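Here the structure is laid out as structure tokens; the discussion comes afterwards.
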Amino acid sequence: MSTQTSFNPFRLVLDFFGSSIGAKILVALTGVIMWGFVIGHMAGNLQVFLPAPPDGYWGQQINDYGHFLKSTPALLWGTRITLIGAVFLHIGFAFRLTMKNKAARPSRYAMKRSQKSTVFGKIMPVSGIVVGLFILFHLFHFTIGLPVEVMGVSNDILQYQDQAGHHDVYKMLRVSFGQVGFVALYTICNLLLLMHLVHGTQSVWQTLGLNHKSWTPIARTLGWLLVAAIAAGNLSIPFVVMSYPPIAP
Amino acid sequence: MAERKMNLTLKVWRQKNKNARGDFETYAAKDISSDMSFLEMLDVVNEGLIEGGKEPIAFDHDCREGICGMCSLVINGQPHGPDDGTTTCQLHMRKFSDGDTIVIEPWRAKAFPVLKDLVTDRSAFDRIIQAGGYVSVNTGGAPDANAVPIPKAEADLAFDAATCIGCGACVAACPNAAAMLFVGAKVSQFKHLPQGQPERKSRVLNMIGRMDQEGFGNCTNHYECEASCPKEIPVRVIAELNREYTRAALTKR
Ligand code: HEM
Ligand code: FES
């Protein structure tokens, strides 16, 4: 008699992600997907700094980029669906793991001396929640439209049009980041994202089973550099745009 | 090093039994020699308690030479105390100074319930080992030791992992009370040896299955386990565990 049971890929994958290690790996993989997005999203947005093309106007490049995305539904919706999936799985499984971890230590130590853990590592659930709420706000701000006026900015910013009749992304950014409040909010949230990604990049290799005595330290250093570059790139947008002369909405 | 005498204040976790609420009691440890081990210091305190008609402090110990893994105490917030790569029984009082206050607690984890005072029930580890932490050797003569070639580098990796004494300091130190350094050590030890190959997949699947049932937490890569392990087992074994489990779970028959 053979012990071979029929191959059921769904069962196999569900069992795997239901286990402690499978859940960790799912959090790591969805984290990597979001990582890819964060890089692409930053690179796209940095086009706000591109100069006017000959015979064009300031902001035309990022407006054209916005128009390109909106008129390429396969790319737009492909990315959106992948990200929504990744975000829900990441939060869901991270939440499940965090709850189990809390339950595994019901009584606390009167005295606990940490030796290796870092602050960024310890606050992962908090930084994650703040980043999650920020993503929601960010979507209302620039994609869906704010349901109420916030610091003088309303959903009107989604109606701005440039000379080509495209959505004027450039003006939307200048109006938003003309408000210090928005600059402060984006700064704080991006710093929390930085903290989340620092522990994430240190962790992800280990979780995925890649630990090597020479490569791992290099990968970690590169991780740090990448996170720093992302934070600098993202934060440059509100700060530089804020320094432009004010603009009427 | 010349012997010193010191007077210490101990804050010790006392708990009547598994279901009782525990609390800290303060004791004076007088005239302690710097040459004593930490457990010998506790023996002296206990003699005093017994002479005074009081219940001595219950703590686990067996070999007192750093190999059995019984002496599970969290000392000043660190499993096995402040010294690196040392069990409590091998910790010397010369690491402390006259007048110090020392806080002594049991391992704290849902999977390691406190039985009395500083003694915890660590049989969850035994059940994980029973689930797969072995190689099956059926009857027959012992094979010649050199008949199975093992490259030196692989043997070293296996041996690093095999030094685990199952004390549970990794669980005690982990912010999530995870047992992944312990399970990883066993899985890594056998993974690197030819004798471990026949049960390679079932071992990791069964051990992780049991580990999850026992109520341990999950590694979030803080590496407190590695820092507190008296045998300095590296977190490399957790990466190996993750890889081994993934491979086995997705290709099992
Ligand atoms: C949306 C809200 C988010 C929540 C609630 C959240 C929560 C968490 C939690 C609790 C962990 C596990 C912590 C640990 O292992 O110590 C984690 C890990 C991680 N997160 Fe997030 N996160 C969020 C967003 C993000 C974003 C936007 C990214 C990337 C751009 C990201 C990337 C990562 C990575 C790479 C890991 C490491 C996985 C590993 O341990 O190997 N997360 N997250
Ligand atoms: S008593 Fe055996 S290791 Fe400490």
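The values are calculated or read from the model by the stated rules, or taken from the named source; none is laboratory data. From a predicted model like this one, the values you see are computed outputs, not experimental measurements. No Cβ is skipped: glycine too gets one built from the backbone with ideal geometry, and neighbour counts run over all protein chains shown. Heavy atoms of the whole protein, side chains included, go into the accessibility calculation; ligands, DNA and RNA do not. Shrake-Rupley method; radii C 1.70, N 1.55, O 1.52, S 1.80 Å.
In the complete set of protein chains, residue-level accessible area for A:SER203 is approximately 10 Å², probe 1.4 angstrom. Residues of segment A:52-80 falling in the label zone of A:VAL240, defined by backbone nitrogen less than 18 Å from a point 7 Å along Cα to beta-carbon, are A:52-54, A:57-66. Note on chain A: with a GNM built from Cα contacts shorter than 10 Å, the maximum mean-square fluctuation among A:GLY178, A:GLY66, A:GLY85 falls on A:GLY85. Simple rule: put +1 on each Lys or Arg Cβ and -1 on each Asp or Glu Cβ in the protein assembly as shown, find the dipole, and look at B:VAL12, A:ASN63, B:PRO82; the Cα lying farthest toward the positive end is A:ASN63. Each label was represented as a point 7 Å from its Cα along the Cα-to-Cβ direction; for B:GLU199 and A:TRP224 these points are 4.3 nm apart.
When only the Cβ of Lys, Arg, Asp and Glu is charged (+1, +1, -1, -1), the dipole of chain A relative to its Cα centre reaches about 1680 debye. The residue list B:MET1, B:ALA158, B:PHE96 was ranked by how far each Cα lies along the charge dipole of the protein assembly as shown toward its positive end, using unit charges on Cβ atoms, and B:ALA158 comes out on top.
This model, with +1 at the C-beta of Lys and Arg and -1 at the C-beta of Asp and Glu, gives segment B:123-251 a dipole about its Cα centre of some 300 debye. Using a cut-off of under 14 Å, list every residue of segment A:215-235 whose amide N is near the label point 7 Å from the Cα of A:THR187 along the Cα-to-beta-carbon line. Within reach of a label on A:THR187, which here means backbone N under 14 Å from a point 7 Å along Cα→Cβ, segment A:215-235 contributes A:232, A:235. With R₀ set to 45 Å, the beta-carbon distance separating A:LYS116 from A:PHE88 gives a calculated FRET efficiency near 0.90.
Annotation: for a label point projected 7 angstrom from Cα along Cα→Cβ of B:LEU115, residues of segment B:59-79 with backbone N closer than 13 Å are B:59-62, B:70-72. Of B:LYS110/B:LYS152; B:LYS152/B:LYS252; A:LYS116/B:LYS95; A:LYS116/B:LYS116; A:LYS116/B:LYS186; A:LYS116/B:LYS54, which ones are farther than 28 Å apart at the Cα? B:LYS110/B:LYS152; B:LYS152/B:LYS252; A:LYS116/B:LYS116; A:LYS116/B:LYS54, as the Cα separations exceed 28 Å there.
Here each label is just a point 7 Å from Cα along the line to Cβ, and for A:PHE68 and A:LYS213 those points are 4.7 nm apart. When the charge dipole of segment B:123-251 is built from unit charges on Cβ atoms (+1 for Lys and Arg, -1 for Asp and Glu) and taken about the Cα centre, the candidate among B:ALA249, B:ALA124, B:THR220 whose Cα reaches farthest toward its positive end is B:ALA249. Once you sort the root eigenvalues of the Cα gyration tensor of segment B:5-115 as a ≥ b ≥ c, which label holds: rounded (a/c under 1.5), prolate (a/b larger than b/c) or oblate (the other case)? Here segment B:5-115 falls in the oblate category.
Rounded to the nearest 20 debye, the dipole size of segment A:11-145 about its Cα centre is 1200 debye, using +1 on the Cβ of Lys and Arg and -1 on the Cβ of Asp and Glu.
Dividing the summed helix terms, -39500 (n - 2.57) for each DSSP H run of n ≥ 4, by the number of residues in the protein assembly as shown produces a 222 nm estimate of -16500 deg cm²/dmol to the nearest 500. The C-alpha atoms of chain A define a longest principal axis, and helix A:9-18 lies at about 90 degrees to it.
Between B:ILE150 and B:ALA20, what is the label-point separation in nm under the 7 Å Cα-to-beta-carbon projection? Simple spin-label model gives 4.6 nm for this pair.
Note on A:SER6/B:GLU65: beta-carbon distance plugged into 1/(1 + (r/R0)^6) with R0 of 45 Å gives a FRET efficiency of 0.25. Segment B:88-152 and segment A:38-90 have Cα centres separated by 55 Å. Let me check I've understood the local charge: for A:TYR170, count other residues with C-beta under 14 angstrom from its C-beta, Lys and Arg +1, Asp and Glu -1. What total comes out? So the surrounding residues net to -1.
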